[in-house]
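The values are calculated or read from the model by the stated rules, or taken from the named source; none is laboratory data. Everything numeric in this text was worked out from a predicted model, so none of it was measured. With ideal geometry, Cβ positions are generated from the backbone for all residues, glycine too; neighbour counts draw on all protein chains shown.
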Amino acid sequence: MSDEESLFELTSSHLNTGMRGIPVGTCRTSFVTPTEGVHYCGYPISELASLLPEDVIYLLFNKELPNSDQSLKFQEELKSRGALPDGVEQVLASLPRDGHPMDWLSIGIHTLGMLGGEGDWKSDALNLVARMPRLLGLIFRYREGRLVNIPADDLSMGLVARFTNTLDLADVDKSVMDQVIATYLVLHMDHGGGNLSTFAGKAVASGHATVYSSMAGAMNALSGPLHGRANQSCFEFVQKIGTSDPAEVEAFVRGELEARRPVFGFGHAVLRAEDPRATVQFALGEKICPDDEYFKTIRVLREVAPRVLSENPKISNPNANVDIASGTLLNHVGLCDPEYYTTFFGWARVAGIGAQIVDERTVMRGGKGTPIYRPKYIAEEQTLRHVD
Ligand code: FAM
């Protein structure tokens, strides 16, 4: 790309559109195509879905998949970075239990920064990646008031197992739970440079706030119902359907559209086919929970909704998106409260956003980093006047 190449013709119609589609920078970790969805460092997500989350995190930070030596070394590195600083639990103990888990997550990340920030972009980003499983596990425990017998953080475990070990739910199959969470994490780690939370995180970091403050800002952005919290709404929607009878599901979908409510789990701003991340999760569901009532509902929905949505030519993509199946799978393995679902999204995105912040701060512009963000806003309805 030469410095002179014209990338975009801007007209006043682009103002106040949320910068939709306007190129503002480059991204080294991932890109999204309309038919194959997200690719991490060139690899289609469908080819990465069953890899160890640690290996995919390595990919995002190093732009290459690790060989087996590099993989083991990186897993050890994350273990050595994983211990939470003292004092985190005291802060969690003081938070309101009816506060949304995403607000807890944002405060938790800020707390990690206040108590254990180092001031180095890469080291802080990797420390945060390594500390997320314990932080998230503790958020569940404190917010639910399950304070007795919290297992010690076992740093010899991998990232996912450290979370499930902290959570320590009775009567669940931890190996299936670990498989669902590992797949969830890999699928959600990154999604290009311009999605709201990633953009917000990089914008905050551009003013040289810490990785922790930047990531807390990114999590606040992710918490909105139009962004990350759609996965909570999507499972609540599936719960509301309450049937897997095809005719009843179709009547429900038509009723939602008539009432001008969204059919959750379908449609996308960029994709024009079923999101491969949905395809992967459907395949996993067929393996682990084909007879789960909610899974039966989404299996039918996957056939019915695109057919009904296609009747409206305005809808650019009637197919399933990433959020259609994730809640059903999390619910199946014992993570039954949809209010927590966006925190898994946040946990995953810490890797992609962290890697993108490190790239922007230490690699872009020959290592100088991207300057502080400063888009231009044009004054409107502000004629010059003076106080009499
Ligand atoms: N249900 C009802 N209406 C829909 C729809 C759906 N699933 N998908 C699109 N539309 C409507 C949309 O609201 C818009 O209507 P207006 O012109 O009246 O504003 C019209 O169809 C054209 O929309 P589009 O160009 O096809 O898509 P957008 O880029 O505007 O919107 C979504 C994309 C994801 C916001 C939209 O498809 C939607 O609301 N889906 C349901 C909610 C959902 O599943 N969200 C999670 C998305 C997930 F992938 C994520 O990003 N986390």
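Beta carbons closer than 7 Å, at least 6 apart along the sequence or on distinct chains, pair a first residue in segment 166-189 that is closer than 14 Å to Leu51 by Cβ with a second that is part of a loop (DSSP other than H, G, I, E, B) for Thr183/Ala49; Val186/Ala49; Val186/Leu51; Leu187/Ala49; Leu187/Val322. Within segment 341-388, the residues that satisfy the criterion of being assigned to a helix (DSSP H, G or I) and of a type in the set (Val, Ile, Thr) are Thr342, Thr343, Val350, Ile353, Ile357, Val358, Thr362.
So for segment 192-212 (the condition being out of contact with any helix residue (DSSP H, G or I) (no Cβ under 7 Å at 6 or more places or on another chain), within 16 Å of the ligand (Cβ to nearest atom), under 21 Å from Leu52 (Cα atoms) and modelled with pLDDT of 95 or more), does at least one residue qualify? Taking every residue of segment 192-212 in turn, at least one turns out to be out of contact with any helix residue (DSSP H, G or I) (no Cβ under 7 Å at 6 or more places or on another chain), within 16 Å of the ligand (Cβ to nearest atom), under 21 Å from Leu52 (Cα atoms) and modelled with pLDDT of 95 or more. Selection within segment 255-268: residues that are farther than 15 Å from Pro225 by Cβ and among the small types (Gly, Ala, Ser). The member of this set that is nearest to the ligand (Cβ to nearest atom) is Ala259. Only one entry in Ala200, Ala152, Ala161, Ala209 is in the same structural domain as Glu89 (by TED's automatic domain parsing), more than 17 Å from the chain's Cα centre (by Cα) and farther than 26 Å from Lys79 by Cβ, namely Ala209.
Looking at Lys122, Lys174, just one residue is more than 23 Å from Thr362 (Cβ to Cβ) and basic (Lys, Arg), and that residue is Lys174.
Restricting Gly334, Gly285 to those that are more than 16 Å from the ligand (Cβ to nearest atom), within 30 Å of His110 (Cα to Cα) and touching a Leu at 6+ places or on another chain (Cβ under 7 Å) reduces the list to Gly334. Does Thr11 qualify as being over 23 Å from Arg361 (Cβ atoms), hydroxyl-bearing (Ser, Thr, Tyr) and at pLDDT below 95? The answer is no for Thr11. Out of Leu271, Leu309, one residue alone is farther than 24 Å from Lys240 by Cβ and within 11 Å of the ligand (Cβ to nearest atom). It is Leu271. Of the listed requirements (1) more than 27 Å from Met189 (Cα to Cα); (2) without any contact (Cβ under 8 Å) to a residue 40 or more places away in the chain; (3) in a helix (DSSP H, G or I); (4) within 10 Å of the ligand (Cβ to nearest atom), Phe252 misses just one: (4).
Mind listing whichever residues of segment 217-247 are in contact with a Leu (Cβ under 6 Å, 6 or more places away or on another chain) and either in a helix (DSSP H, G or I) or surrounded by 22 or more Cβ atoms within 10 Å (Cβ to Cβ) (or both)? Result: Met219, Ala221, Gly228.
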